Amino acid sequence: MRLLVTGGAGFIGSNFILYMMQQHPDYKITNMDALTYAGNLENLESVEKEANYTFIQTDIADKQAVDQIFQQGIDVVVNFAAESHVDRSILEPEVFVNTNVLGTQVLLDASKKYGVTKFVQVSTDEVYGSLGETGLFSESTPLAPNSPYSASKAGGDLLVRAYHETFGLPVNITRCSNNYGPYQFPEKLIPLMISRVLNDEPLPVYGDGMNIRDWLYVEDHCSAIDLVIHQGRVGDVYNIGGNNERTNIHIVKTILEELGKPETLIQFVEDRPGHDRRYGIDPTKIMKELGWKPKHNFESGIKETITWYLSNEEWWTRIQSGEYREYLTKQYGSRLGKEQ
Ligand code: NAD
Ligand code: DAU
């Protein structure tokens with residue numbers, strides 16, 4: 001199989017490439033990534049010299065460059081490439097529309113033109129909006145995105161659906177809950193808090209800290225996508241999640257406890273505008289129809305993740321320079337009342 005992975009230098013994409021190279025050593029994998037601030041080829045150093053792995057630096061919205069890659073022969077596309085951080089989408093929505101909507105459309109056009117056998121759109125539970133205290137997101141929950149990020153992902157999803165309905169493109173859409181694990185960029189809750197705890201910096205908890213996310217270890221997301229590629233019913237959506245709902249404050253306190261640091265580091269700061277209160281995935285469909293089961297539970301997964309960040313301090317300290325520091329100041333400067 002000739003597999004095109006877009007956004008393969010990011011958090012989930014790089015974990016996915018490492019996973020697929022182990023599971024399917026006979027596949028030829030092309031990683032197409034624009035290398036934005038979130039793309040990091042260091043994640044893939046262990047496979048970069050493998051004969052069946054190729055990296056091409058390309059923006060998914062660049063029609064000509066994308067066409068050239070498809071000309072070389074692609075069977076399956078897995079589209080991870082995206083602007084992925086909600087807070088950045090509040091500061092700068094435009095780039096989210098360019099990549100997550102227009103970029104997806106460029107990939108769909110090329111997939112149609114060259115007749116790929118499967119297009120998998122890696123989407124998110126955030127397209128469903130926010131839950132109240134009860135209930136879970138199922139595949140038939142109406143889309144109700146609340147942030148520019150989730151709205152742009154929903155736009156991408158709708159185009160994927162339309163290319164299936166109108167042109168018969170063989171597609172699947174996956175909608176996963178919050179991932180955590182190795183190589184996650186330290187702007188996201190878990191790696192942000194781990195890195196700040198290790199530097200004894202204040203921990204900015206939005207609002208009352210009682211917002212709930214449903215956490216899944218990244219390798220379990222990768223195994224689900226692998227199943228969807230091979231067994232997903234064409235045209236279908238699959239929700240992915242491991243029933244691990246936790247409040248944000250619980251996550252932060254768990255990290256503090258694991259690292260033996262005091263809760264006085266916690267600072268409740270001004271809430272994220274439009275902050276979704278609760279996410280929770282009903283994974284029954286993928287479990288029953290495709291036989292997927294997560295391998296990691298949250299308690300062991302978070303410990304493994306903290307250990308990874310402790311052992312790979314160089315990886316995240318290198319990131320914490322330049323553009324990333326400017327972003328931290330924009331995002332947290334006034335909330336925490338000082339420069340970060
Ligand atoms: P990430 O921000 O870590 O990585 C995104 C990657 O896409 C980076 O390597 C970046 O360079 C690349 N990219 C961005 N714009 C591009 C463009 N125009 N052309 C080509 N490459 C581009 O994101 P992530 O957390 O790994 O998320 C990957 C995908 O999974 C996204 O589509 C996201 O919406 C989805 N998702 C993420 C989570 C999560 O918890 N992180 C959960 C569910 C779904
Ligand atoms: O649900 C899937 C989504 O999960 C993905 O589609 C997104 O790409 C991914 O970024 C993630 O979105 P969230 O907004 O849920 O993740 P984030 O890590 O930004 O925040 C998790 C929760 O923690 C959220 O309720 C906001 C809160 N938070 C976050 C940051 C960065 C804080 O309290 N303080 C912070 O500094």
For segment 208-261, give me the residue count where each residue is outside any helix (DSSP H, G or I), within 16 Å of ligand 1 (Cβ to nearest atom), β-branched (Val, Ile, Thr) and more than 22 Å from residue 197 (Cα to Cα). 2
Of the residues in segment 37-87 that are among the small types (Gly, Ala, Ser) and within 16 Å of ligand 2 (Cβ to nearest atom), the one that is farthest from residue 178 (Cα to Cα) is 39
In segment 1-47, what residues are more than 21 Å from the chain's Cα centre (by Cα) and either modelled with pLDDT under 95 or under 15 Å from residue 74 (Cβ atoms) (or both)? 1, 2, 27, 28
Of those in segment 205-236 that are among the aliphatic types (A, V, I, L, M) and over 24 Å from residue 247 (Cα atoms), the residue farthest from ligand 2 (Cβ to nearest atom) is 234
I'd like to know if segment 187-203 contains one or more residues that are assigned to a loop (DSSP other than H, G, I, E, B) and within 12 Å of ligand 1 (Cβ to nearest atom). yes
How many residues of segment 285-340 are closer than 14 Å to residue 196 by Cβ, in a loop (DSSP other than H, G, I, E, B), away from ligand 1 (no atom under 16 Å from the Cβ) and not charged (D, E, K, R)? The answer is 2
Residues of segment 237-255 satisfying the condition of being away from ligand 2 (no atom under 14 Å from the Cβ) and either touching a helix residue (DSSP H, G or I) at 6+ places or on another chain (Cβ under 7 Å) or of a type in the set (Asp, Glu) (or both): 238
Residue among 270, 289 that is within 30 Å of residue 20 (Cα to Cα), out of contact with any Cys (no Cβ under 8 Å at 6 or more places or on another chain) and among the acidic types (Asp, Glu): 289
Inspect all residues belonging to segment 69-79 and state whether any of them is farther than 17 Å from residue 123 by Cα and under 22 Å from the mean Cα position of the chain (by Cα). no
Within segment 131-158, can you find the residues that are away from ligand 1 (no atom under 14 Å from the Cβ) and either crowded, with 23+ Cβ neighbours inside 10 Å or farther than 21 Å from residue 221 by Cβ (or both)? 132, 133, 134, 135, 140, 142, 144, 146, 158
Can you confirm whether segment 227-242 contains a residue that is within 21 Å of residue 273 (Cβ to Cβ) and of a type in the set (Gly, Ala, Ser)? no
Only one of 206, 183 is under 12 Å from the mean Cα position of the chain (by Cα) and at pLDDT 95 or above. Can you tell me which? 183
Residue pairs qualifying under the 6 Å Cβ cut-off, at least six apart or on distinct chains, with the first in segment 198-224 being of a type in the set (A, V, I, L, M) and the second being in a loop (DSSP other than H, G, I, E, B) and near ligand 2 (Cβ under 10 Å from one of its atoms), are 216/177; 216/241
Which of the residues belonging to segment 149-199 are of a type in the set (S, T, N, Q) and either more than 9 Å from ligand 2 (Cβ to nearest atom) or within 22 Å of residue 37 (Cα to Cα) (or both)? 150, 152, 166, 172, 174, 178, 179, 184, 195, 199
Odd one out for residue 163 among (1) in contact with a Gly (Cβ under 7 Å, 6 or more places away or on another chain); (2) of a type in the set (Phe, Trp, Tyr); (3) in a helix (DSSP H, G or I): (1)
Output for segment 1-56, where each listed residue is over 22 Å from residue 324 (Cβ atoms), assigned to a helix (DSSP H, G or I) and hydroxyl-bearing (Ser, Thr, Tyr): 19
Go through segment 88-107 and count every residue that is buried (at least 23 other Cβ atoms within 10 Å of the Cβ) and either more than 13 Å from ligand 2 (Cβ to nearest atom) or hydrophobic (A, V, I, L, M, F, W, C) (or both). 4
Only one of 232, 209 is within 22 Å of residue 137 (Cα to Cα) and crowded, with 19+ Cβ neighbours inside 10 Å. Can you tell me which? 232
Condition check: surrounded by 17 or more Cβ atoms within 10 Å (Cβ to Cβ), in contact (Cβ under 8 Å) with a residue 40 or more places away in the chain, within 22 Å of the chain's Cα centre (by Cα) and over 22 Å from residue 228 (Cβ atoms). Does residue 58 satisfy that? no
All but one of (1) outside any loop (DSSP other than H, G, I, E, B); (2) buried (at least 21 other Cβ atoms within 10 Å of the Cβ) hold for residue 182; state the number of the condition that does not hold. (1)
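The values are calculated or read from the model by the stated rules, or taken from the named source; none is laboratory data. Being a predicted model, the structure only gives us computed values, none of them experimental. Every residue, glycine as well, gets a Cβ built from its backbone with ideal geometry; the counts of neighbours run over all protein chains shown.
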